[in-house]
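Each remark here refers to the structure printed beneath this line.
The values are calculated or read from the model by the stated rules, or taken from the named source; none is laboratory data. As the structure is a prediction and not an experimental result, all values here were calculated from the model. Quick reminder, even Gly has a Cβ in these numbers, built from the backbone with ideal geometry, and neighbours come from all protein chains shown. Side chains included, ligands, DNA and RNA excluded: accessible areas come from the protein's heavy atoms. Shrake-Rupley method; radii C 1.70, N 1.55, O 1.52, S 1.80 Å.
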Amino acid sequence: MSKEATVLDKLKRPLRDLRISVTDKCNFRCSYCMPAEIFGPDYPFLQRNELLSFEELERLSTIFVQSLGVKKIRITGGEPLMRKDLPLLIEKLSEIPGLDDIAMTTNGSLLPKHAQALKEAGLKRVSISLDSLKDEVFGKINGRGVTVQTVLDGIDAASKAGLSVKINMVVKRGMNEDEVIPMAKFFKEKGHILRFIEYMDVGNTNNWKMDEVYSKKQIIEAIHQVMPLEAIDPNYEGEVATRFRYQGEKAEIGVISSVTDAFCQSCNRARLSADGKLYTCLFSSFGHDLRTPTRSALSDMELASVIKDIWYNRKDRYSEERGQTKKSKSKVEMSRIGG
Ligand code: SAM
Ligand code: SF4
Ligand code: SF4
């Protein structure tokens, strides 16, 4: 990347990490993300022609890498593996010069079918979401009665295919906080990094309450009492997870504390929804339409300048301001932009 490729926003933050949602559909109905009573059979999911095509995604991604300095792309959803022929997109993205890393966040259920093809297409890493080791609890959380073994099979398939695997666990008080230690033990033994995610007030449908947040401090203290931990340095600037290692061992965990310990100051991420809207914050009310200019006669340079302008004017720091204002605002749904 040339130096000119960096555009700083109003808080002097560069753009390095682009998250692309390839579909708003999902085969799960997690209670904290797509509650079944709202995302029912009549929910107006996006139509085929509203989605950015793989060619459009490749073009936009190339511009993000070459003109804004993006280094890392994460494919997400909804459930990204619901998008047909996804390895074809990965293959196109992996050919973009200057892009260092391609990762994916998935619920894991379809990995046994697709892991090998994804790896061959150039995918390097997957984060697989799993919130419980008990079928009864997990079936309720995912809203579809999917078993824990289904996701464990996905985890094994990804490892076997040679993908680097991390596990994401959303911790919500009253839902699964008693599984923090069993999950930590299980994945320490299995040799996968487990990352705990504080339950967040994304979207408008999960009826979020502050007292349902099980905090980073509580998570760390609970594990530390049983398996002593020590803090370790971030892998790179802007890493969202705070890292800890089990004392005297190599195995580590991470905690993503968007609620109780905000990290907006180093936030270098943008999110592109499946219908081509660019969100400069996970909690944005508004997405900048990139689909219309992408489908117009604009040249790559003109399109790059539209995107640079959006980033240049960014001032988001929602998590740092959370609680300072009583006014609630309408926010984009997590299933639209994928976390
Ligand atoms: N379907 C894929 C999955 O579940 O991994 C990718 C999309 S999902 C929206 C991305 C991540 O966001 C998942 O790890 C999920 O657990 C997390 N997530 C969803 N809603 C959340 C919330 N309200 N608070 C914290 N994390 C949330
Ligand atoms: Fe689907 Fe992922 Fe949301 Fe669960 S968290 S409903 S798997 S998009
Ligand atoms: Fe970035 Fe917005 Fe999250 Fe702050 S609240 S870290 S600006 S996405």
With closer than 27 Å to Leu15 by Cβ and within 16 Å of ligand 2 (Cβ to nearest atom) as the only criterion, which of Ile256, Ile232 stands out? Ile256
Residue pairs within 9 Å by beta carbon, gap of at least six or interchain, first lying in the stretch 31-43 and hydrophobic (A, V, I, L, M, F, W, C), second more than 13 Å from ligand 2 (Cβ to nearest atom), listed first then second, are none
I'm checking my understanding of the structure. Among residues of the stretch 83-99 that are in a loop (DSSP other than H, G, I, E, B) and not β-branched (Val, Ile, Thr), which one is most open to solvent (accessible area, probe 1.4 Å)? Lys84
Quick check on Ser129: is it more than 30 Å from Asn176 (Cβ to Cβ), among the hydroxyl-bearing types (Ser, Thr, Tyr), out of contact with any helix residue (DSSP H, G or I) (no Cβ under 6 Å at 6 or more places or on another chain) and open to solvent by 30 Å² or more (accessible area, probe 1.4 Å)? no
I'd like to verify a number: residues in the stretch 253-307 that are open to solvent by 50 Å² or more (accessible area, probe 1.4 Å), assigned to a loop (DSSP other than H, G, I, E, B) and among the charged types (D, E, K, R), how many? 1
Condition set within 16 Å of ligand 3 (Cβ to nearest atom) and not in a loop (DSSP other than H, G, I, E, B), scope the stretch 1-41, selection most open to solvent (accessible area, probe 1.4 Å): answer is Arg19
Mind counting the residues in the stretch 136-159 that are without any contact (Cβ under 8 Å) to a residue 60 or more places away in the chain and assigned to a helix (DSSP H, G or I)? 16
Does Asp153 fit the bill of being farther than 20 Å from Met82 by Cα and either more than 11 Å from ligand 1 (Cβ to nearest atom) or within 20 Å of the chain's Cα centre (by Cα) (or both)? no
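May I ask you to verify whether Ser109 is assigned to a helix (DSSP H, G or I), of a type in the set (Ser, Thr, Tyr) and in contact (Cβ under 8 Å) with a residue 24 or more places away in the chain?
When the stated conditions are applied, Ser109 does not pass them.
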For Gly162, only one of the following conditions fails: (1) in a strand (DSSP E or B); (2) surrounded by fewer than 16 Cβ atoms within 10 Å (Cβ to Cβ). What is its number? (1)
From (1) within 16 Å of ligand 2 (Cβ to nearest atom); (2) open to solvent by less than 40 Å² (accessible area, probe 1.4 Å), pick out the condition that doesn't hold for Lys72. (1)
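Conditions tested, residue by residue: (1) touching an Asp or Glu at 6+ places or on another chain (Cβ under 9 Å); (2) over 30 Å from Phe286 (Cβ atoms).
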| site | (1), (2) |
| --- | --- |
| Val137 | yes, yes |
| Gln149 | yes, yes |
| Asp153 | no, yes |
| Val180 | no, yes |
| His192 | no, yes |
| Arg195 | no, no |
| Val202 | yes, no |
| Trp208 | yes, no |
Give the stretch 100-117 a look and list any residue that's open to solvent by less than 40 Å² (accessible area, probe 1.4 Å) and away from ligand 1 (no atom under 14 Å from the Cβ), or say none. Asp101, Ile102, Ala115
Going by what's in this entry, would Ser319 be described as exposed (fewer than 11 other Cβ atoms within 10 Å of the Cβ), within 16 Å of ligand 1 (Cβ to nearest atom), within 25 Å of the chain's Cα centre (by Cα) and closer than 22 Å to Thr205 by Cα? no
